[in-house]
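Peer 1: This is the structure I want to talk about, given as structure tokens.
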Amino acid sequence: MTSKSISFTVLVAILATFASKVLVINPNPELFLKYLVHLGPTSSIIIAKFIPFNFDDFRRHRKHPDKGKPVSICDDFPPNFPPPETNTTLTLCVDRNGCCNFTTVQSAVDTVANFSMKRTVIWINSGIYYEKVIIPKTKPNITFQGQGYTSTAIAWNDTANSANGTFYSGSVQVFAANFIAKNISFMNVAPIPRPGDVGAQAVAIRIAGDQAAFWGCGFFGAQDTLHDDRGRHYFKDCYIQGSIDFIFGNGKSLYEGCQLISMASPVAPGSKGINGAVTAHGRASADENSGFAFVNCSVGGTGRIWLGRAWRPFSRVVFALTSMTDIIAPEGWNDFNDPTRDQTIFYGEYNCTGDGANITSRAPYVQKLNDTQATLFLNTTFIDGDAWLQSFNS
């Protein structure tokens with residue numbers, strides 16, 4: 001590792017260490033990151049991917065490698081960017097170095113006109129944007145366009161304790177309808193909770209608006225990483241990492257081709273203890289039309305975990321055509337230790353593969369779906385996608 005670059009793994013570990021010791025984060029990113037360098041490298045289990053992070057990017061000018069003359073880093077931008085506004089689209093540009101209209105994501109969001117019917121694309125350059133971002137109900141039709149989920153990230157460090165509740169701890173909180181995110185990561189870098197910690201839940205993103213779509217995005221945290229709160233949502237080719245209930249809420253969502261990675265602590269061979277769960281769906285009554293469907297996904301990582309537990313009595317989750325490693329406990333699921341929920345929860349599996357997909361020892365309330373039953377969950381009709389879901393390139 002050179003002095004000019006640091007892996008995102010190391011950076012996030014440092015962020016977590018720093019966040020656990022300091023209540024007020026330095027708002028100046030250059031000074032903040034220079035301080036982090038002096039903390040020294042450390043290992044991290046918050047994130048398993050790498051994002052090259054070049055500290056030269058914080059200098060507005062650098063020397064030309066051949067002539068030694070100063071050139072602006074903004075010269076890397078294509079001419080006439082962002083493109084001019086059209087009748088249907090407005091593009092705003094965010095760059096932490098000042099090469100665009102905005103240096104923070106929230107400042108770009110704040111500029112969007114209330115109740116605009118136009119699609120506002122907020123193009124976000126590579127880098128870590130250490131800020132808390134809120135998109136209110138009054139600002140629908142916003143797109144976050146990153147440069148790759150291993151290149152662009154929004155991160156913050158709130159917990160249930162610091163934010164007065166888990167629901168408010170999200171680094172990004174989306175209350176508006178028709179939100180789209182492409183090729184960007186959402187992170188909560190609060191310290192990883194220890195067993196029994198109270199108020200340590202730390203959400204990376206809360207999605208409380210209807211008709212949201214995420215393409216090639218990353219979600220990183222530990223407990224309660226992705227708050228799939230309410231509304232119809234689509235996740236395609238995403239990377240989702242956490243430990244306990246790391247996908248939770250009462251949304252009606254389709255996860256297609258996603259990697260679900262447990263970062264629960266490794267367990268001793270033969271141990272029957274459980275230290276994590278992928279989902280905690282919050283359907284409270286049979287009248288609620290919600291649920292999570294995972295199709296062509298993969299489940300792996302560390303620990304010994306459940307596919308889901310019944311946060312509320314009508315919890316509904318289906319895993320179909322998904323590969324599972326042996327981190328999945330044989331019983332597969334948990335009724336929140338409330339047997340009265342066994343008659344109302346809907347947990348189904350369909351044609352899954354891998355060592356963790358053996359259903360012979362599954363809990364008695366788990367359903368092995370047939371072709372007809374599974375059809376309801378296998379494509380975007382589950383979320384009424386024909387009525388609202390746009391293609392990636394639209």
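Peer 1: Pick out the one residue from LEU260, LEU254 that is under 21 Å from ASP384 (Cβ atoms), surrounded by 24 or more Cβ atoms within 10 Å (Cβ to Cβ) and touching a residue at least 40 places away in the same chain (Cβ under 8 Å).
Peer 2: On the way: LEU260 fails: under 21 Å from ASP384 (Cβ atoms).
The unique qualifying residue is LEU254.
Peer 1: Looking only at residues in the stretch 153-176 that are of a type in the set (S, T, N, Q) and part of a loop (DSSP other than H, G, I, E, B), which one is surrounded by the fewest Cβ atoms within 10 Å (Cβ to Cβ)? It would help to see each step written out before you state the result.
Peer 2: First, pick out the residues of the stretch 153-176 that are of a type in the set (S, T, N, Q): 157, 159, 161-162, 164, 166, 169, 171, 173.
Going one step further and asking which of them are part of a loop (DSSP other than H, G, I, E, B), we end up with 157, 159, 161-162, 164, 169, 171.
On the way: ASN157: 22, THR159: 22, ASN161: 16, SER162: 17, ASN164: 11, SER169: 29, SER171: 27.
Within the stretch 153-176, the match that is surrounded by the fewest Cβ atoms within 10 Å (Cβ to Cβ) is ASN164.
Peer 1: Can you name every residue in the stretch 190-207 that is among the hydrophobic types (A, V, I, L, M, F, W, C) and surrounded by fewer than 24 Cβ atoms within 10 Å (Cβ to Cβ)? So that I can check it myself, show each step before the final result.
Peer 2: Keep residues of the stretch 190-207 that are among the hydrophobic types (A, V, I, L, M, F, W, C), which gives 190, 192, 198, 200, 202-205, 207.
Result: ILE192, VAL198, ALA200.
Peer 1: Also: Enumerate the strands (runs of 3 or more DSSP E) found wholly within the stretch 282-332, keeping only those where 1 or more residues are within 18 Å of the chain's Cα centre (by Cα) and buried (at least 23 other Cβ atoms within 10 Å of the Cβ).
Peer 2: Values: elements: 291-295, 298-302, 305-309, 316-320.
Per the criteria, 291-295, 298-302, 305-309.
Peer 1: Which residue, of THR150, THR138, is in contact with a Lys or Arg (Cβ under 7 Å, 6 or more places away or on another chain), assigned to a loop (DSSP other than H, G, I, E, B) and surrounded by fewer than 21 Cβ atoms within 10 Å (Cβ to Cβ)?
Peer 2: On the way: THR138 fails: in contact with a Lys or Arg (Cβ under 7 Å, 6 or more places away or on another chain).
After applying the criteria, what remains is THR150.
Peer 1: Next question. Residues THR372, THR340, THR344: which one is out of contact with any strand residue (DSSP E or B) (no Cβ under 8 Å at 6 or more places or on another chain), without any contact (Cβ under 8 Å) to a residue 60 or more places away in the chain, surrounded by 17 or more Cβ atoms within 10 Å (Cβ to Cβ) and among the β-branched types (Val, Ile, Thr)? Even if it seems obvious, please write down each step before you answer.
Peer 2: Numbers: THR372 fails: surrounded by 17 or more Cβ atoms within 10 Å (Cβ to Cβ); THR340 fails: surrounded by 17 or more Cβ atoms within 10 Å (Cβ to Cβ).
Step by step, each of THR372, THR340, THR344 is checked, and only THR344 is out of contact with any strand residue (DSSP E or B) (no Cβ under 8 Å at 6 or more places or on another chain), without any contact (Cβ under 8 Å) to a residue 60 or more places away in the chain, surrounded by 17 or more Cβ atoms within 10 Å (Cβ to Cβ) and among the β-branched types (Val, Ile, Thr).
Peer 1: Something else now. Based on this model, can you work out whether ASP210 counts as in contact with a strand residue (DSSP E or B) (Cβ under 7 Å, 6 or more places away or on another chain), over 25 Å from PRO82 (Cβ atoms) and not aromatic (Phe, Trp, Tyr)?
Peer 2: Details: in contact with a strand residue (DSSP E or B) (Cβ under 7 Å, 6 or more places away or on another chain): yes; over 25 Å from PRO82 (Cβ atoms): yes; not aromatic (Phe, Trp, Tyr): yes.
Considered against the rule, which asks whether it is in contact with a strand residue (DSSP E or B) (Cβ under 7 Å, 6 or more places away or on another chain), over 25 Å from PRO82 (Cβ atoms) and not aromatic (Phe, Trp, Tyr), ASP210 comes out as yes.
Peer 1: Still on this structure: Quick one: how many residues across the stretch 312-358 are under 17 Å from THR279 (Cβ atoms) and out of contact with any Phe, Trp or Tyr (no Cβ under 9 Å at 6 or more places or on another chain)?
Peer 2: The number of residues fulfilling the criteria is 7.
Peer 1: For the stretch 177-189, what are the residues that are out of contact with any Ser or Thr (no Cβ under 6 Å at 6 or more places or on another chain) and surrounded by fewer than 24 Cβ atoms within 10 Å (Cβ to Cβ)?
Peer 2: Within the stretch 177-189, ALA177, ASN178, LYS182, ASN183 meet the criteria.
We did not get these values from a lab; they are worked out from the coordinates using the rules stated. Everything numeric in this text was worked out from a predicted model, so none of it was measured. In this analysis, Cβ positions are derived from the backbone assuming ideal geometry, glycine residues included, and neighbour counts consider all displayed protein chains.
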